[in-house]
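Input: a single structure, listed below in structure tokens.
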Amino acid sequence: MKTGYFRSPLKESGGWSAYIDLLEVMGMLFVLAYHLSNYSYKFLEDPRLVTVVQHYLRSVLVCCVPVFLLCNGYLLFGRTLDLKKHLKKTLRFAVAGLFWGAVTLWVYNRVSGVTCSGWDFIWDMLTWRGAVIHLWYIGQLVVIYLCFPILKAAYDRDRRLMLYAAAFLAVFTFGNRLVNCLYTIYMGFIKGIPLSGAYTYNWFTMFHPVPYVPGFTFVYFCLGPFLPDLFHRLERFTRRRVNTVTGIALGLTCAVHTVFFALISRAIGDYYCPIWYGYESVSGFVITLCMVILLANYQGVRPGPARVLRWYSRSTLGVYYVHVVPIHIFGEWLMSVGFLYNLPGNLLCAAILGAVCTLFTAAVKKIPVLKYLVS
């Protein structure tokens, strides 16, 4: 039974669809909630029921970065490539990433009372750790954009080549992560060997095509243009059936994701983040897929909310650049506010932070030259 409920009345594939805006807004909200994390979720340190529940609900945040990559792939592959403009945009990403990295690190050092030499400052920023670790995504986005002209040529010639690229990269990245996680659990529980951390061994050795970069980013990016194909296939079923099955699958997969990473945490005796390390997990992939299918029900039929989402989604890159600065400034204070130190409070703070950063981004976009630092 074809219902057409996944089709946006605003625009079809090859351009823009309303659910893409919702996905980007949801993804940014989840990124902010993850980076704030002003609630108890480490059950090894705080073994209460509320901590376990929040740890379980937190697992859905693993889709935050993947949905951005899917949306990026969906939008870019559907457009005509202008190589000159594309390379200029890629360069702007790199420059803006370095600029906001310097600003963020400077603010963090001032707030934390850290003193360092000019060389140490540059080294800390370029290694993308600690205060500026979130900008790893911008660096990877630059890498993806540099490769995009080749990927676009392959996609235009034969779309199956993109599926092939996504499939073989998924085997090496998701597969290597899965084997490492299983081996960590085996050594910790079966062998009883004390571990200082999860294994990060390259099981494919010299045959691994992307051993030193987060290859999962290419997997999600290459699958982006196939979102309309997925939704059109789902139109063979009723809306209620798709939503019911997807909702149940999401709940069960979040449980599997929670238990799996809990076992790893037990095996190494330390918290093993199911979000940071879950991007290239099989369960993280399924969670992302379920969230995309559920949010694709949105069709933007009401012009008012649709325009607000569209306005917000256009500022998500700028929000990503700047959002960690206020977190460094006010993060510790938020931890001390009792009524906000819980999952609902965390989401509320994330929504407020997103609104403030969006307004800031919109204002900067009106300033010549500086607008390129947030877009």
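The values are calculated or read from the model by the stated rules, or taken from the named source; none is laboratory data. From a predicted model like this one, the values you see are computed outputs, not experimental measurements. Heads up, the Cβs are rebuilt from the backbone with ideal geometry, glycines too, and the neighbour counts pull from every protein chain shown. Ligands, DNA and RNA are stripped out before the accessible areas are found, and what is left, the full protein with its side chains, is counted by its heavy atoms. Shrake-Rupley method; radii C 1.70, N 1.55, O 1.52, S 1.80 Å.
With every protein chain present, what is the per residue accessible area of the chain (1.4 Å probe, Å²)? Kindly include the intermediate steps, with their values, before the conclusion.
Values: 18670 Å² over 375 residues.
Value returned for the chain: 50 Å² of accessible area per residue.
Between Tyr108, Tyr39, Tyr164, which gets the highest mean-square fluctuation from a Gaussian network model of the chain, Cα cutoff 10 Å?
Largest GNM mean-square fluctuation: Tyr164.
For the pairs Lys88/Lys371; Lys88/Lys365; Lys152/Lys366; Lys85/Lys152; Lys84/Lys365, flag any whose C-alpha to C-alpha distance is greater than 20 Å. Present the calculation step by step, with values, prior to reporting the outcome.
On the way: Lys88/Lys371 14 Å; Lys88/Lys365 17 Å; Lys152/Lys366 32 Å; Lys85/Lys152 15 Å; Lys84/Lys365 22 Å.
Violating the 20 Å limit, Cα to Cα: Lys152/Lys366; Lys84/Lys365.
Using θ = phi - 60° and the Karplus relation 6.51 cos²θ - 1.76 cosθ + 1.60, list the HN-Hα couplings for segment 248-261 in order, rounded to whole Hz, with x at every Gly or Pro.
Values, residue by residue: 5, 4, 5, x, 5, 5, 4, 5, 4, 4, 5, 5, 4, 6 Hz.
At 222 nm, what helix-only mean residue ellipticity would the chain give, in deg cm²/dmol to the nearest 500, using -39500 (n - 2.57) for each DSSP H run of four or more? Numbers along the way, then the final one.
Values: 15 runs with 243 residues, N = 375.
One gets -21500 deg cm²/dmol as the mean residue ellipticity at 222 nm.
Is the chain rounded, prolate or oblate when judged by the Cα gyration tensor, a ≥ b ≥ c being the square roots of its eigenvalues, rounded requiring a/c under 1.5 and prolate requiring a/b larger than b/c?
On the way: a/c = 1.26, a/b = 1.09, b/c = 1.16.
Rounded, because the longest to shortest axis ratio a/c is under 1.5.
I'd like the Karplus ³J(HN,Hα) series for segment 59-75: coefficients 6.51, -1.76, 1.60, θ = phi - 60°, whole numbers in Hz, and an x wherever there's a Gly or Pro.
Karplus-based 3J(HN,Hα) across segment 59-75 equals 4, 5, 5, 4, 7, 4, 6, x, 5, 5, 5, 4, 5, 4, x, 4, 6 Hz.
Using the Karplus curve 6.51 cos²θ - 1.76 cosθ + 1.60 with θ = phi - 60°, what ³J(HN,Hα) values do you get for each residue of segment 305-322, in whole Hz, with x for Gly and Pro?
Here the 3J(HN,Hα) series is x, 4, 5, 5, 5, 4, 4, 5, 5, 6, 10, 5, 5, x, 4, 5, 4, 9 Hz.
Using only C-alpha positions, report the orientation-averaged shadow area of the convex hull of segment 81-175, nm², one decimal. Intermediate results must be reported in sequence, preceding the final value.
Working: hull surface 31.7 nm².
Its Cα hull, projected and averaged over all orientations, spans 7.9 nm².
Please give the peptides 40-49, 316-325 ranked by average Cβ packing (other Cβ atoms within 10 Å per residue), highest first, as a rough proxy for protection. Each step should come with its number before you reach the end.
Values: 40-49: 13.8, 316-325: 22.7.
In descending order of packing, they fall as 316-325, 40-49.
Roll a 1.4 angstrom probe over the protein heavy atoms and tell me the percent of accessible area of segment 239-356 that is carbon or sulfur. If you can, show how the numbers build up before the last one.
Values: 3920 of 5640 Å².
That share works out to 70 percent.
To the nearest Å, what is the center-to-center distance of segment 304-375 and segment 27-81, using C-alpha atoms only?
Each part reduced to its Cα centre gives a spacing of 16 Å.
Could you sort the peptides 142-149, 26-33 by per-residue average Cβ neighbour count (10 Å cutoff), highest mean leading? Walk me through the intermediate numbers first.
On the way: 142-149: 16.8, 26-33: 23.4.
The most tightly packed comes first, giving 26-33, 142-149.
Pick from Phe285, Phe207, Phe216: which residue has the top mean-square fluctuation in a GNM of the chain where Cα pairs under 10 Å get a spring?
The residue with the greatest mean-square fluctuation here is Phe207.
Scaled to the compact-protein estimate 2.2 N^0.38 Å, what is the alpha-carbon radius of gyration of segment 269-344, rounded to two decimal places?
1.51
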